[in-house]
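The values are calculated or read from the model by the stated rules, or taken from the named source; none is laboratory data. None of the values given here were measured: they were computed from a predicted structure. Virtual Cβ from ideal backbone geometry, glycine too; neighbours counted across all protein chains shown. Heads up: the accessible areas ignore ligands, DNA and RNA and are worked out on the full protein's heavy atoms, side chains in. Shrake-Rupley method; radii C 1.70, N 1.55, O 1.52, S 1.80 Å.
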Amino acid sequence: MKLVMSIVNIDDASDLLDALAAKGFTSTLVSSTGGFLKRGNDTLLIGAPDDRVDELLSLIKETCHPHSESGKQSSQVEIGAATVFVLDVDQHETF
Ligand code: 2BA
């Protein structure tokens, strides 16, 4: 099993939650703040079987969009569609 942590734009999070649920993935949304811009983003925690990680990454790519925001000195900062970390899970329990 893997834990996929996906940092996404707030505007894409709701659509991504819906897309994940429609495909049978279970996820948790955590409100987060980017360390560089210090603006809100959302982080989804998604536990997924190893053999569904590629499908999950495709779903994230299809659903999320890059955009740009003004930075500290009025320059535009490019923000990717999603920043994704895939971690091995030693154990998963639901009590
Ligand atoms: P932020 O840290 O607010 O970064 C927003 C965007 O600013 C980044 O977009 C990148 O284009 C730029 N940026 C970030 N750090 C920079 C730096 N030291 N110098 C110049 N430009 C910089 P993304 O790379 O698409 O990242 C979007 C958000 O994903 C980040 O928001 C952060 O919350 C998260 N993130 C990205 N890489 C990460 C990492 N290695 N570890 C943890 N979180 C990460």
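Considering only Met5, Ser74, Gly34, whose Cα is most displaced toward the positive end of the charge dipole of the chain, charges sitting on Cβ of Lys, Arg (+1) and Asp, Glu (-1)?
So the residue furthest toward the plus end is Ser74.
Based solely on its DSSP helices, what 222 nm [θ] is calculated for the chain when runs of n ≥ 4 H residues each add -39,500 (n - 2.57) and the sum is averaged over all residues, nearest 500 deg cm²/dmol?
-8000 deg cm²/dmol
Ignoring everything but the protein chains, give the 1.4 Å probe accessible area of Asp88 in square angstrom, nearest 10.
Number for this one is 110 Å².
Relative to the longest principal axis of the chain, what angle (0 to 90°, nearest 10) does the C-alpha long axis of helix 53-63 take?
So the inclination is approximately 40 degrees.
Might you work out the accessible area of Glu93 for me, using a 1.4 Å probe with all protein chains in place, and round it to the nearest 10 Å²?
Result for Glu93: roughly 100 Å² accessible.
Compute the separation of the alpha-carbon centres of segment 5-20 and segment 54-92 and state it in Å as a whole number.
Centre-to-centre distance over Cα atoms comes out at 9 Å.
May I ask you to give the percent of accessible area on the chain that is carbon plus sulfur, with a probe radius of 1.4 Å?
In the chain, the share of accessible area belonging to carbon and sulfur is 52 percent.
Please give the per residue accessible area of the chain, computed with a probe of 1.4 Å over protein heavy atoms only, in Å².
Result: 65 Å² of accessible area for each residue.
Note the angle between two axes, namely the Cα long axis of helix 10-22 and the longest principal axis of the Cα atoms of the chain, as a number of degrees from 0 to 90, rounded to the nearest 10.
20
How many lysine pairs are close in segment 1-89, with Cα atoms under 18 Å apart and the two 8 or more places apart or on different chains?
4
I'd like the accessible area for Ile10: 1.4 Å probe, protein heavy atoms, all chains in place, Å² to the nearest 10.
Surface accessible to solvent at Ile10 totals approximately 90 Å².
Taking a label point 7 Å from the Cα of Met5 along the Cα→Cβ vector, which residues of segment 76-95 have an amide N closer than 15 Å to it?
83-90
Binned at 10 Å from 0, what are the whole-percent values of the Cα-Cα distance distribution for the chain, short to long?
Spelled out per bin, shortest first, that is 15, 48, 27, 9, 2.
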